[in-house]
Each structure stands twice: as structure tokens, then as C-alpha cells.
Amino acid sequence: MGRVHSPLQIANAAPMRPRRAVLCLLALLLLMMPVRAALAQNDALPGTASSPAERAQMLLNADSLTYNRDKDVVTASGHVQIHYKGRALQADKVRYDRKSKRVFASGHAKLTDPDGTVSYADRFELTDDFKQGFIDGLRSDTADKTHFSAARAERGGDVTTLDHGLYSACKPCARHPERAPLWQIKARRIIANGKSHEIYYEDAYLEFLGIPIAYVPYFSSPDSSVTRKSGFLAPQYFYKTALGVTVTTPYFWDLAPNYDLTFSPTFLTRQGFLGDIEWRHRLSNGAYSIRVAGIAQQDRQVFYDPPFGPGSKVLRGEIDSKGEFNINKNWKFGWNGSYATDKWFDSDYKLSAADYAQTYFGEKRSDIYLTGQSARSYFNLSSDYFAGLSKFDLQSQQAQVWPSLAYNRAFSLDPATTGGIGGEFDLDANVTHISRQLADWQSTGLRQFDNAFSLFDVCTSYTPGIANGHCLLRGIGGDYTRATLNLSWKRRFIDPLGAEWTPFIFGHLNGEWLSLNTSDGATFSSASGTSTISNAPQTNYFGGKTNGFAGQAIPGAGVDYRYPFYARLGSTTQIIEPIAQIIARPNTPASTMLPNEDSQSLVFDDTSLFEWSKFSGNDRFETGVRANVGGQYTVDFDDGGYANIMAGRSFQVAGQNAYATLDAANIGFGSGLGKTASDYVTRLTLAPNAHFALIAKARIGPRHLGAKRLDIAANTNFGGLSTSLLYARYTAQPALGYAYRREGLAASAKYHFDKNYYVDGQVVFDLSRYLYNGSLVKVSRFAVSSAGAGFGYINDCISFGVNYTSTYTDPTSSSRTRNQTVMVKLQLRTLGSTSVHQNLGTNQVNAAY
């Protein structure tokens, strides 16, 4: 096979076989003479230029090469390969007409462009630079796995026009490439503009499995290399009884590489026009966005009156903004703000996906912050505004934080420079101011609701205590400022026997300023009755005082001891580790001026057993002398599996037990720590292989060894089936407002039939069997709280899914509200996605289900 690089390269080539040498000599004679004449006339072959410095190298491989002097045509035959200016042309036969400067390729013809696009054709007719020309029987595969085909196409530099063309992002079937792909666009004309990176379709049909399902006379889409471009985004469809049929057609303006605007007009058959516009701007050190949405409602009577809904508001809307900017590598400033005309707007109009706080806590948080962080320190200054989204929320009872400052710094002490002390010193500081207009009350025992709407917590007796009928002060009405400083030192030693000793000392300093608002209140009236929530009874919880200062100074010292025993048995490594800890603090009496705002989530389990203080926040702290003991057993398998068992207990050795000293919210009572000897806490972790994992935690009472708190989570993954199971059971805590036990079960599963098809489902059961409406109401043992199911298909070019969800509202009577929704979502790679939401309606169901 002859190889022609250039006349000079051939002249210097190594000796070849006689047959190939003859072909090369023929190529040399054919090319050198015309080339010289052509250069004299400033008329170059492919690969030559008007001056040697401008010549581009051409590489040619072929079995034979001929030249017709009369027609001035060069013909290469047999496994022809031509490489020129980043392009590669392959064919059985290539003919070059020097007069017209046209290249004709046929027979298994293939052209590879510099961007990786590979085009196959029955015949190419191209200019000598391969950039322009005509193609018969075209099929192109781009580098990002999109595909074009046409009976005839024209290359015009940056523009390629396909007559009666096809486009798809689906790869052809390997076994039956003649079959139509899963989806494709068939158009009378397809124009691909490589300069603007836009593809235009005229008289286009969208086909699935070769069957037309939609017709569009004209549309365009960016090619797959485009990450952002102005144009219409995929429409969205939704139906809800109160809104009617809704259609959203977003338009995206790519105003500059670093800022854009998205306008999402929504047309609602029942409510009119909703405008939604979002501005995004990225700067050199950060980015921010602003979003505004609003509507003038046409049919206002479909919404509930307050406090169950927005009532007859005409204008409704919201403004959202978020941003974050890096001041330098350690400091950043940001915000996340939201304001709405009412708390139902976002959920009524489905403008955005709810985040974790919205879904599980029913609130929106707005904040502004300044944060600094390094390897050994952390600083945060922030202010927070909380907006309640549940119908059970009173906005005047929401806490607002103005501001909160947190600082932490860890120091490693070198024994050589600290007189042999060494270890680690930690400084933790916090200053927080909380403001709330209306006190947040909740009854002990059975929950009590207002007489007017049965929505808001009230008490029959606003007095502190743990007996039924008393009242918890969840949050003060007024202003509360707390400053906290925690200082600690610890150092780890390992003795000659291998035991680990960690002595530590610490100091906890707290200062609180309290100013109660005893004048404000709220009154609710309806045909059902009248109720009042007042701030005045707050003085019952603070020794009759309305304002003042209180402080605590709690020093402490202790030691942590661990002695792990290692053993190698067969294919396992086994570790038994006993753990003991003793902490001594003075017997600090409790003050009557100490609210509890941030230490109400007290959970005694394996994670808090060896904490110096098991309270969750800074408002409460352990006192007296306490011993914590426990141990754990771990097995590590050589194949990667492991198992762990842990158990322990805590003892109040001397001094006042902080967990038996109740505050305004009764925190500590029923925690398992209120007596001299605590409940047992246990944990089991089991993961024998990659297919199964289990973790179970329990708090067990010492008298009857019954589980007072139990959490179990299990996951499996076998082949195409993955499952998840969550179970929780907590005994009743009437003193904390939980009159009956809380119990729930959540299960989910997903099964892949193969790599493309799947089904999934999930269900949550309320196993408590009781309703919080002041009277005992029996329900089914497996009362469904929410359920859902779906199926879908996904591959390299399409994602399709159908999901059904059924949710129930928190019941306050013998009936519950069920909301059912179906969502269909289709995503075509490179073209976009669309979704249809269908609300199947809301109906009342018997609480027994």
C-alpha cells in the first residue's frame, strides 16, 4: 500500500517492497509535476498553499493511485484514507478533480470532523478542504452521541442542511439497526448551524418507535454542545380543582455568560394569569438570584377563609432572593430571604419544590449570615426569620433570631512549650437574641385546642407542672438574650498495658437576660366558640418576675477510660472495648429565671451517653457528679463485612440531677436520666455484606427491661431489588405533651426489571392508633399516613416516569383529609423535559383507615 506524505517526505522515505515502491514512484511523478505547475499558477492541491510556509500537511493512504492528465483528475482506490487539516476521509474510492477543486468519495465513505463528528454516506462530493459539498445517504454520529440521517445533505461551512432528515439522541438498536430508534424527530428539512449551535426543524414530527405522535411546523433547539441559550424551555402542565388547568411556558434569556433572566408565565383556566420571573447573576466572587411571582386571582371563593386559607385575597405573591459571596478564601457573606402575602401561596400554586424544613417542619427560614472558617476555627454571625406554613402555626408565636453569634477555636498545645501539659484546648462561644410576640403554649397530657377553630394549642390551666392539665411554655413571649462561653482541655494518654486515658477539664459560663411581654395576647372567635392566648401567665414560670438577669458558672473535670482487647479469630478481627467516664461538677442550683429555648430536643441514646452534657443546646447543662459506663464489641470480617454491639448506662453519683430539675418546658422528665441510675441505651449495627445493613437503637427501662424508645433501620440490595424499612416506637410522655405512644413504620422498595425498566413504591403507617383531639379514638392498627407508587423507563436518551401519591393531613377529629396526585414526567435528552401534574381531588375519609 502506498503512502504519500509530501514529495519531500517520499524522497526521504525508507526503501519499500518493489510493488509499493513502484506505486510511490508513480505517485511522485503524478504529483510533483502538476504541483509545480499549479504553484506557478497559484493553484494548489489539497494540502498545498501559495507558499511553503502556509502549506498544510496532507496524509494519504491507498492501495493504488492514478492520474488522468487529460481530465486533470487524480484517483485513489482501495482502502483510501486522507487526513487533512484535522479531518479524515475514508472510502473505497476517492477522485479529485483539480480543475473544479472537488473531491468525490464513494464506497463505505466516512468523514471525521475535528469536533469528533463521524459522517457515513453513500457518496461525498466536497470541496478540496472537505468543508462544503453534497452528501448522498448521510448518517452522522456526533461526539456526544446524537445522530442525524438524511437522503441528501448539503455542507456549507458552518451550516449543514438535511433534506427529509432524522434526528435522535438514541443509539440505534445493535441487533436491528434498521429499526427506528425509541424516539426521533423526522422533518422535511433540518438545518444545523455549527456557528450559532442551533438546530432548526421544518415540518417536524416527533416519533416514538417510528409512530408519529406530535407535529410542529417549525421549532429549534440548541445542539448538545450548548449549556445555556435563549429560548423557550419545556412546558409544564398541572391540574388542581382550585386552579383549573395550568400551563407554564418558561422563556430563558441568556443575556450574558454570567447573568440571565427566566420568565415563566402560567395560564390558569380558573384563576387567570400568574407571572413568575427570576434574575440570576454570577460575579467573580459569588452569585445571587431574585425571584418575583404574583397573581390577581379570578375565582377567590375556592379557597378557605382564614385561618384555614387565604380567604378572598385578590393579589397574592411572593419574593425570594438568595446569594453568597466569598470575601476571601476563609470568609463568605450570604443571605436567603423569602416574603409572601400569605403562607399558603407557594403550596397552592406549586411554584417550587419544598425543601426539608418546609416538608417536615412546616416552616420557611430567611437568614443573612457572615461566616469564617479555617482548619481550626469557625465563626458565624447570622439573623434568622421563621415563617410558619402549617395551618396550626400562629406567626406571632414564631421565634425570630436577631442576631446569633457563634465562634469556635481549637488549639493544639505542644508539651515542649507548655510545661508538659500538651493536649487540645477548645474555646466555644455563643451569643443569641430571640424575640417572640406571643408565648408558645402546650398542654401536658391530652393536647388542648382552641374552641374557635381547633387549630391552636391552649391550656386549661396555665401553671407549670408534670401532671395532666398543666401547661408547657415552649417559647417565651418577649425578648431573651443568652451569652455562653465553654472552655475545655483534654489530652489522651496510652499506658503500658494499652489502656487509653483521657483526662479533661472544662468551664461552662452562661448569662441570660429576660424581658417578658405580658401584655399582648390573641383572641379567636367563631360560631363554635371563643378562645384567648395570653402572655400574662408567663410570670408563673419565672418566680413572678417579668425581667431580670441570671447566670451560671459550672466548672468541671473528669476522665475517660477505654481498654480495647484485640483478637484475631479465623477470618475476623474482634475487638472488645469497655468504656468508663466520670465527670465532677459543683452542685449548682437551678435559677427561676432560666428559659429553655434551644435545649428541648433531649434524646438519651448511644450517641449522647459519653457527652459531658447530654442537653442539646446551651440553655441547659449537667450538674453534680455523673458516671457513664458502657462497652462495645466489634467484629470486622476480611471480606468487608462488620458487626457492632454497644450498651451503656449513666449514674448520678452525687449532687443535683439536672435531668430531674424541670424547666418551663419540662425537659428532662421522661428522658431516662431523671433517676440515680439511668435507663440502658443499646445499639446494634450489622452489615455482613454489601447486600444487607441493619442498625437498631433502644433505650430500655431497668425495671421490666421494656423498650421506652426504639429505632430500627434496615436496607437490602439484591440484584435489581432494593428495599428500605424504618420503624420507630416511643412510649407516652404526658409531661412533655405526648399523651399516647408514638409509633410509625415506613417501607419503600424499588425493583429494576433490567437496566432500563423499574417500579417503586413507598408507604408510611401511623401505628399510634390515637388522635390528638382530646378524646381517645381508635383507628386501624396500620393506619396509612402516606403512600405512593410509580414505574418508569430510563436509558441513554429518554427518561419517563409515572408517580402516584396519596397523603393524609394530621387528623384533629374522627375524619381525615386525603390528597391524591398523579405526576407524569418525560425527559428527552438534548430536547428537554416536560411534566404533567394531575390532582385527583381531596376527600374526607374515616380516621379508621
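The values are calculated or read from the model by the stated rules, or taken from the named source; none is laboratory data. All figures in this text were calculated on a predicted structure; none of them were measured in a lab. Please note: Cβ atoms are built from the backbone with ideal geometry, for glycine as well, and neighbour counts cover all protein chains shown. We work out accessible area using only protein heavy atoms, side chains counted, and drop any ligands, DNA or RNA first. Shrake-Rupley method; radii C 1.70, N 1.55, O 1.52, S 1.80 Å.
Identify all residues within region 79-98 that are in contact (Cβ under 8 Å) with a residue 40 or more places away in the chain and not aliphatic (A, V, I, L, M); write none if there are none. If you could, list the steps in order and put the result at the bottom.
Within region 79-98, the subset in contact (Cβ under 8 Å) with a residue 40 or more places away in the chain is 79, 84-85, 87, 89, 96, 98.
Within region 79-98, HIS79, TYR84, LYS85, ARG87, TYR96, ARG98 qualify.
Considering region 608-633 alone, what residues qualify as being buried (at least 23 other Cβ atoms within 10 Å of the Cβ) and among the β-branched types (Val, Ile, Thr)?
THR623
Just need a number here: residues in region 388-410 that are open to solvent by 30 Å² or more (accessible area, probe 1.4 Å) and under 24 Å from the mean Cα position of the chain (by Cα).
Qualifying residue count for the region: 2.
Scan the strands (runs of 3 or more DSSP E) fully inside region 400-477 and keep the ones with 3 or more residues being farther than 28 Å from ASP520 by Cβ and free of Cβ contacts under 8 Å to residues at least 60 places away in the same chain.
Filter on region 400-477 gives 400-412.
Filter region 128-164 down to the residues that are of a type in the set (Val, Ile, Thr) and in contact (Cβ under 8 Å) with a residue 24 or more places away in the chain, then identify the one that is surrounded by the most Cβ atoms within 10 Å (Cβ to Cβ).
THR160
How many residues, within region 105-115, are under 18 Å from LEU65 (Cβ atoms) and surrounded by 20 or more Cβ atoms within 10 Å (Cβ to Cβ)?
So the count comes out to 2.
Considering only region 711-742, state which residues are closer than 28 Å to HIS470 by Cα, crowded, with 16+ Cβ neighbours inside 10 Å and in contact (Cβ under 8 Å) with a residue 12 or more places away in the chain.
ALA728, ARG729, TYR730, THR731, GLN733, PRO734, ALA735, LEU736, GLY737, ALA739, TYR740, ARG742
Yes/no matrix, rows are residues, columns are (1) touching a helix residue (DSSP H, G or I) at 6+ places or on another chain (Cβ under 8 Å); (2) hydroxyl-bearing (Ser, Thr, Tyr); (3) closer than 27 Å to ALA660 by Cβ:
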residue	(1), (2), (3)
ILE494	no, no, no
THR502	no, yes, no
ILE505	no, no, yes
PHE524	no, no, no
ALA550	no, no, yes
ALA553	no, no, yes
GLY558	no, no, yes
LEU569	no, no, no
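Enumerate the pairs (first residue in region 189-209 and in contact (Cβ under 8 Å) with a residue 24 or more places away in the chain; second residue anywhere and among the polar types (S, T, N, Q) and open to solvent by less than 40 Å² (accessible area, probe 1.4 Å)) with beta-carbon separation below 7 Å, excluding pairs fewer than 6 apart on the same chain, so at least 6 apart or on different chains.
That search, which allows pairs on different chains as well, returns ARG189/THR161; ILE191/THR161; ALA192/THR160; ILE199/SER221; GLU207/GLN184.
Take the conditions open to solvent by 60 Å² or more (accessible area, probe 1.4 Å), more than 24 Å from LYS545 (Cβ to Cβ) and over 39 Å from the mean Cα position of the chain (by Cα) and apply them to PHE504. Does it pass?
No, not satisfied.
Do any strands (runs of 3 or more DSSP E) lying entirely in region 141-245 carry at least 2 residues that are modelled with pLDDT under 90, and which ones are they? Steps first, answer last, please.
Values: elements: 147-156, 159-168, 183-193, 198-208, 211-222, 236-240.
In region 141-245, the matching strands (runs of 3 or more DSSP E) lie at 211-222, 236-240.
Only residues that are open to solvent by less than 60 Å² (accessible area, probe 1.4 Å), modelled with pLDDT under 95 and under 28 Å from VAL247 (Cβ atoms): list them for region 275-308, please.
ASP299, VAL302, PHE303 - these are the residues of region 275-308 that are open to solvent by less than 60 Å² (accessible area, probe 1.4 Å), modelled with pLDDT under 95 and under 28 Å from VAL247 (Cβ atoms).
Considering only residues that are in a strand (DSSP E or B) and open to solvent by 40 Å² or more (accessible area, probe 1.4 Å), look in region 809-821 and name the one that is modelled with the highest pLDDT.
ASN819
Within region 99-108, identify whether any single residue is closer than 14 Å to SER140 by Cα, free of Cβ contacts under 8 Å to residues at least 24 places away in the same chain and touching a strand residue (DSSP E or B) at 6+ places or on another chain (Cβ under 8 Å), and answer yes or no.
So the first thing to find is which residues in region 99-108 are closer than 14 Å to SER140 by Cα, and the list is 108.
Now drop any that are not free of Cβ contacts under 8 Å to residues at least 24 places away in the same chain, which leaves 108.
Still in the list and also touching a strand residue (DSSP E or B) at 6+ places or on another chain (Cβ under 8 Å): 108.
Yes, because at least one residue in region 99-108 is closer than 14 Å to SER140 by Cα, free of Cβ contacts under 8 Å to residues at least 24 places away in the same chain and touching a strand residue (DSSP E or B) at 6+ places or on another chain (Cβ under 8 Å).
Between a first residue in region 373-399 that is in contact (Cβ under 8 Å) with a residue 60 or more places away in the chain and a second residue that is assigned to a strand (DSSP E or B) and open to solvent by 40 Å² or more (accessible area, probe 1.4 Å), which pairs have beta carbons less than 7 Å apart while being 6 or more apart in sequence or on different chains?
Going by the 7 Å Cβ cut-off, the qualifying pairs are GLN397/ASP440; ALA399/PHE386.
Working only within region 72-122, note down all residues that are in contact with a helix residue (DSSP H, G or I) (Cβ under 9 Å, 6 or more places away or on another chain) and either of a type in the set (Lys, Arg) or not in a strand (DSSP E or B) (or both).
ASP72, ARG98
Under 37 Å from the mean Cα position of the chain (by Cα) and among the aliphatic types (A, V, I, L, M): is that true of LEU206 in this structure?
Yes: the conditions hold for LEU206.
Would you please name the residue that is surrounded by the most Cβ atoms within 10 Å (Cβ to Cβ), looking only at residues in region 63-100 that are under 22 Å from GLY194 (Cβ atoms) and of a type outside the set (A, V, I, L, M)?
Checking each candidate, the answer is GLN90.
Suppose we filter region 265-307 for residues that are free of Cβ contacts under 8 Å to residues at least 24 places away in the same chain, among the charged types (D, E, K, R) and more than 18 Å from SER338 (Cβ to Cβ); how many remain?
Qualifying residue count, region 265-307: 2.
Of the residues PRO586, PRO578, which is in contact (Cβ under 8 Å) with a residue 12 or more places away in the chain and either in contact with a Cys (Cβ under 9 Å, 6 or more places away or on another chain) or closer than 20 Å to VAL625 by Cα (or both)?
The conditions single out PRO586.
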